[in-house]
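Asks: Quick one: the structure is below, questions incoming.
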Amino acid sequence: MNRFKGKVALVTGGASGLGERTAKDFAQEGARVALLDFDKANGLRVETEIKNAGGEVIFIECDVRESSDVEKSTQIVFEKYRTVDFLIHSAGILQDGMIHKLSEERWDNVINTHLKGFFLILQACTKRWISYCQQNPKDTIAEYPDRRVITISSQAAEGNIGQLNYSAAKAGMLGMVKTSGLELIKYNIKTHAIMPTLIETPILGELLSKEDGKWRKYYSGRIPLGIGKSEYVSRVILFLCSEEAWFMNGEIVGINGGRLDKI
Ligand SMILES: NC(=O)c1ccc[n+]([C@@H]2O[C@H](COP(=O)([O-])OP(=O)(O)OC[C@H]3O[C@@H](n4cnc5c(N)ncnc54)[C@H](O)[C@@H]3O)[C@@H](O)[C@H]2O)c1
């Protein structure tokens with residue numbers, strides 16, 4: 001119940017789906033949680049639900065594509081909780097389109113939310129973490145506060161029809177994780193990406209119900225353990241932030257329901 005007591009988790013996209021589940025699971029394990037999302041109605045709903053369950057939480061309206069928003073929000077979190085231990089980047093959108101019809105706007109929206117958003121929030125947190133380490137030098141890396149960064153990539157990083165923008169963003173995240181894993185470990189900051197398969201959350205819209213459940217049947221048949229639930233993902237995120245994962249850095253972790261082929 002108190003695995004993360006005294007810790008602080010900042011979750012982008014915390015107003016829905018995987019971010020919501022992860023934020024609630026962190027809160028249940030005693031962490032203080034900051035939800036950053038541009039969906040104010042759902043952000044406030046999740047904030048209330050976590051408070052009602054006895055958790056400590058703050059919702060901040062923030063568009064992760066905007067550097068001024070991200071900087072302001074991060075400052076609020078660091079001021080309120082004094083630090084952040086775990087950064088989870090879960091803000092995401094789908095704006096699919098076949099290559100010959102994909103608009104520049106859809107390309108920009110998806111790349112900016114997933115990739116630029118990750119860059120901005122990673123930078124906002126790391127500059128504060130590094131500044132702390134520089135002001136409080138230690139003899140060994142392990143003596144610095146133990147920070148974890150988890151970004152949500154996707155199986156689509158390996159390619160998916162109609163998702164040129166999304167697969168580019170999700171593949172880009174993998175490079176970012178390897179680079180930050182290399183660059184930031186000297187400050188005891190460990191970065192990982194997870195690559196979930198299809199998980200039932202609001203991002204899918206009506207995909208699973210439309211055409212008389214045709215797509216639900218299709219995906220149920222393609223994923224050996226079935227379409228995923230958000231807790232299957234949040235459990236792995238919490239593991240990657242746990243004491244047990246202390247010796248891991250720069251990992252790309254599949255959460256694939258047993259599915260090893262392409263989407
Ligand atoms: N659900 C899946 O099948 C699946 C599979 C693999 C990866 N993912 C990834 O997991 C992450 C979470 O997705 P989800 O399934 O929970 O979707 P979701 O739609 O339930 O949640 C995404 C959240 O991100 C927020 N968001 C979107 N753009 C934002 C922005 N610019 N600024 C701030 N907040 C923003 C939304 O308001 C929403 O609350 C995404 O990166 C998604 O690509 C999802």
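The values are calculated or read from the model by the stated rules, or taken from the named source; none is laboratory data. What you see is a predicted model, and the numbers here were worked out from it, not measured in a lab. Because the Cβ atoms are built from the backbone with ideal geometry, glycine has one as well, and the counts that use them run over all protein chains shown.
Asks: Tell me the residue from Val110, Val77, Val84 that is more than 16 Å from the ligand (Cβ to nearest atom) and under 27 Å from Ser234 (Cβ atoms), please.
Replies: The match here is Val84.
Asks: Determine, yes or no, whether Val84 is hydrophobic (A, V, I, L, M, F, W, C), assigned to a loop (DSSP other than H, G, I, E, B) and over 28 Å from Leu198 (Cα atoms).
Replies: When the stated conditions are applied, Val84 passes them.
Asks: Okay, moving on. Suppose the filter is within 11 Å of the ligand (Cβ to nearest atom), among the hydrophobic types (A, V, I, L, M, F, W, C) and modelled with pLDDT of 95 or more; does Ile50 pass it?
Replies: no
Asks: Here is a list of conditions, (1) crowded, with 16+ Cβ neighbours inside 10 Å; (2) assigned to a helix (DSSP H, G or I), and Val149 meets all of them except one; can you say which number that is?
Replies: Every condition holds for Val149 apart from (2).
Asks: Search segment 177-218 for residues being aromatic (Phe, Trp, Tyr) and under 24 Å from Asp261 (Cα atoms), and hand back the single one that is surrounded by the fewest Cβ atoms within 10 Å (Cβ to Cβ).
Replies: The selected residue is Tyr218.
Asks: To continue, here is another question. Out of all the residues in segment 103-145, which are among the basic types (Lys, Arg) and over 30 Å from Gly162 (Cβ atoms)?
Replies: Of everything in segment 103-145, those that are among the basic types (Lys, Arg) and over 30 Å from Gly162 (Cβ atoms) turn out to be Lys127, Arg128, Lys138.
Asks: Residues in segment 28-46 that are buried (at least 23 other Cβ atoms within 10 Å of the Cβ), without any contact (Cβ under 8 Å) to a residue 40 or more places away in the chain and more than 10 Å from the ligand (Cβ to nearest atom): how many?
Replies: Count: 1.
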